[in-house]
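> There's a structure below that I have some questions on.
The values are calculated or read from the model by the stated rules, or taken from the named source; none is laboratory data. No experiment lies behind these values; they were computed from the predicted model shown. In this analysis, Cβ positions are derived from the backbone assuming ideal geometry, glycine residues included, and neighbour counts consider all displayed protein chains. The accessibility values were calculated without ligands, DNA or RNA, using every heavy atom of the protein model including side chains. Shrake-Rupley method; radii C 1.70, N 1.55, O 1.52, S 1.80 Å.
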Amino acid sequence: MHHYRVPADPTVIVLKEPWQLEYWRRKMGVTETDLRLAMRAVGENPVEVRRYLDRPLSEPHRGERWE
């Protein structure tokens, strides 16, 4: 039986420990790179990260300007 660790505060993404990275990477269904890029764009709120990851690729993210 596997015991998966769950963050104490699920309202903020913290990647200080390898298990935290693995938890959030699996939860969001993305690579570490995509997760880190999303967090760089919108911060540590899982709702905002999910919104960023789910946005259509043809749409710039808020604050981005496509030339």
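> Of all residues in the range 37-52, how many are free of Cβ contacts under 8 Å to residues at least 12 places away in the same chain and either under 8 Å from the mean Cα position of the chain (by Cα) or part of a helix (DSSP H, G or I) (or both)? Talk me through it step by step, then tell me what you get.
Quick first cut of the range 37-52, residues free of Cβ contacts under 8 Å to residues at least 12 places away in the same chain only: 37, 40, 43, 47-48, 51.
Filter once more, so that each one left must be either under 8 Å from the mean Cα position of the chain (by Cα) or part of a helix (DSSP H, G or I) (or both): 37, 40, 47-48, 51.
Of the residues in the range 37-52, 5 are free of Cβ contacts under 8 Å to residues at least 12 places away in the same chain and either under 8 Å from the mean Cα position of the chain (by Cα) or part of a helix (DSSP H, G or I) (or both).
> Can you find a residue in the range 2-9 that is farther than 12 Å from Leu53 by Cα, open to solvent by less than 40 Å² (accessible area, probe 1.4 Å) and not in a helix (DSSP H, G or I)? Walk me through it before giving the result.
So the first thing to find is which residues in the range 2-9 are farther than 12 Å from Leu53 by Cα, and the list is 2-9.
From the residues that got through so far, the ones that are open to solvent by less than 40 Å² (accessible area, probe 1.4 Å) too are 7.
Right, trim to not in a helix (DSSP H, G or I) and you get 7.
Yes, some residue in the range 2-9 is farther than 12 Å from Leu53 by Cα, open to solvent by less than 40 Å² (accessible area, probe 1.4 Å) and not in a helix (DSSP H, G or I).
> Can you give me the number of residues within the range 17-35 that are surrounded by 15 or more Cβ atoms within 10 Å (Cβ to Cβ) and not in a helix (DSSP H, G or I)?
Total meeting the criteria: 1.
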